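One structure below.
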Amino acid sequence: QVQLVESGGGLVQAGGSLRLSCAASGRTFSSFAMGWFRQAPGKERVFVAAIGWSGGSTYYRDSVKGRFTISRDNANNTVYLQMNSLKPEDTAVYYCAATYSARDILVYSGYDYWGQGTQVTVSS
C-alpha cells in the first residue's frame, strides 16, 4: 500500500502561482512513476502531468505546457507540481497518483494509488 497526501492548494488570482506537494508513504517511493490529475465540477478527471521513477522523463497536458512543472524528490518521498500563470480554467481538485508501471502513465486507469485531492481555485 501507498498513502498519498496532497497539499498546497488554495485560492489565487489569474496569473498567479501555486506549488502543490504530494507526500508518499508506505512503499519505496522511487519504485513509482507519479502523476497529477485534475477534476473540475461536473467534468471527468483528466491527466495534467507525470514523471518517471528517476525524474528524467516528464509529460504534460497540452494546455499546461510551459506553465506547469512536475518534479520529484525521492529522498523526501515527495512529488511537486509548480503551477505558474494560472488561469480560471485551471480551477479544479488536483489529485496525486502513483503507479508501478509507466506504460499507461497518461491515463487514469494506469494508476494504482490516489490521494484525496486538493482544491485549486483561480479567480479572474
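The values are calculated or read from the model by the stated rules, or taken from the named source; none is laboratory data. Quick caveat, the model's predicted, so the values are computed rather than measured. Using ideal geometry, Cβ is built from the backbone for each residue, glycine included, and neighbour counts are taken over all protein chains shown. Accessible surface areas use protein heavy atoms only, side chains included; no ligands, DNA or RNA. Shrake-Rupley method; radii C 1.70, N 1.55, O 1.52, S 1.80 Å.
Residues are listed down the side, and each one gets a yes or a no for (1) modelled with pLDDT under 95; (2) surrounded by 19 or more Cβ atoms within 10 Å (Cβ to Cβ):
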position: GLN1; (1), (2): yes, no
position: LEU11; (1), (2): no, no
position: MET34; (1), (2): no, yes
position: GLY55; (1), (2): yes, no
position: ALA75; (1), (2): yes, no
position: ALA97; (1), (2): no, yes
position: TYR100; (1), (2): yes, no
position: LEU106; (1), (2): yes, no
> Can you name every residue in the range 11-48 that is within 11 Å of MET83 (Cβ to Cβ), touching a residue at least 60 places away in the same chain (Cβ under 8 Å) and assigned to a strand (DSSP E or B)?
Replying inline: VAL12, LEU18, ARG19, LEU20, TRP36, ARG38
> If a residue has to be under 15 Å from the mean Cα position of the chain (by Cα) and either surrounded by fewer than 14 Cβ atoms within 10 Å (Cβ to Cβ) or of a type in the set (D, E, K, R) (or both) to count, how many in the range 13-32 make the cut?
Replying inline: 2
>> Testing GLY66 on (1) in contact with a strand residue (DSSP E or B) (Cβ under 8 Å, 6 or more places away or on another chain); (2) open to solvent by 60 Å² or more (accessible area, probe 1.4 Å); (3) at pLDDT 95 or above; (4) in a loop (DSSP other than H, G, I, E, B), one condition comes back false. Which one is that?
In response: (1)
